[in-house]
1. Return the distance in nm (one decimal) between the two label points of a simple spin-label model at Val111 and Asp156, each offset 7 Å from Cα along Cα→Cβ.
2. Taking the solvent-accessible surface of protein heavy atoms with a 1.4 Å probe, what is the per residue accessible area of the chain in Å²?
3. Per the 1.4 Å probe, what fraction of the accessible area of the stretch 83-123, in percent, lies on carbon and sulfur atoms?
4. Please compute the volume of the convex hull spanned by the alpha-carbon atoms of the chain and report it per residue in Å³.
5. Which of the listed residues, Thr169, Tyr61, Leu149, is farthest toward the dipole's positive end in the chain, when Lys, Arg count +1 and Asp, Glu count -1 at the beta-carbon?
6. Taking 45 Å as R0, compute the FRET efficiency from the Cβ-Cβ separation of Ala13 and Ile64 and round it to 0.05.
7. Assigning unit charges at the beta carbon (Lys, Arg +1; Asp, Glu -1) and nothing else, what dipole magnitude in debye, to the nearest 20, does the stretch 86-174 show about its Cα centre?
8. With no solvent and one point on each alpha carbon, what is the Debye value of log10 I(q)/I(0) for the stretch 1-89 at q = 0.13, 0.19, 0.23 Å⁻¹?
Amino acid sequence: MLEDIYKNEIVNAWVEDNEPIDLIEKRYKNISSVVDGMYDFVLSFSYYYTIRRDYGTDRKYTMIEMHILTDIYDHENITVSALAKKWNRTSSAISQIVHRLIKWGLVYKEVNESDGKVFFLRTTEKAKETVLKHKAYDNKDNVKTRKKLLESFTVDEMAAFDKILKAYTRILEKNNSKNKPL
């Protein structure tokens, strides 16, 4: 039972360096039974994130392309650097996505008059329609998914899950702050 593993292997235990092999193996098996669900979720969501889908437009987009477009639309004068920070990616990785959005006629760059090295990202009229279709798609998909989860979990459990995800994300961000973003 997961509660017993939490009590025995996490709450009431401390992992020491140089533990005996049999204890390492036992503890790894037990703790893996707790965290494997999260690993499976991350892998499944990572795959889901890369799928090109039709949001009701003439083109299929990945989630990151669509969410970056939405951020540009929602935040006037946003820069590649600001997007890179928000998405925990390099400016180069975000620039590649922005260049695709420019190529598709959704985004254009405008030079910052006070600093010629900085470009503000702006959306076109075509982007407005695309972003609104994306938001409607996401609203429907998110409500549908949450309702499906609410068949198995209470609202309080779902709210706790959301809080846990945010806290876990902060831990990961703190631990990753020494490393360069993807």
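1. In this crude label model, Val111 to Asp156 measures out at 6.1 nm.
2. Working: 13470 Å² over 182 residues.
For the chain, the solvent-accessible area averages 74 Å² per residue.
3. On the way: 1290 of 2530 Å².
Summing carbon and sulfur atoms, their accessible area is 51 percent of the total for the stretch 83-123.
4. On the way: hull volume 30.1 nm³, N = 182.
Normalising the Cα hull of the chain by residue number yields 166 Å³.
5. Checked the options; the winner is Tyr61.
6. 0.70
7. Values: 20 positive and 12 negative charges, 42 e Å.
Magnitude of the dipole: close to 200 debye.
8. Log10 I(q)/I(0), no solvent term: -0.69, -0.90, -1.14.
The values are calculated or read from the model by the stated rules, or taken from the named source; none is laboratory data. The model shown is predicted, which means the values in this text are computed figures rather than measured ones. Backbone-built Cβ (ideal geometry, glycine too); neighbour counts: all protein chains shown. Quick note on the areas: whole protein, heavy atoms, side chains included, nothing else; ligands and nucleic acids left out. Shrake-Rupley method; radii C 1.70, N 1.55, O 1.52, S 1.80 Å.
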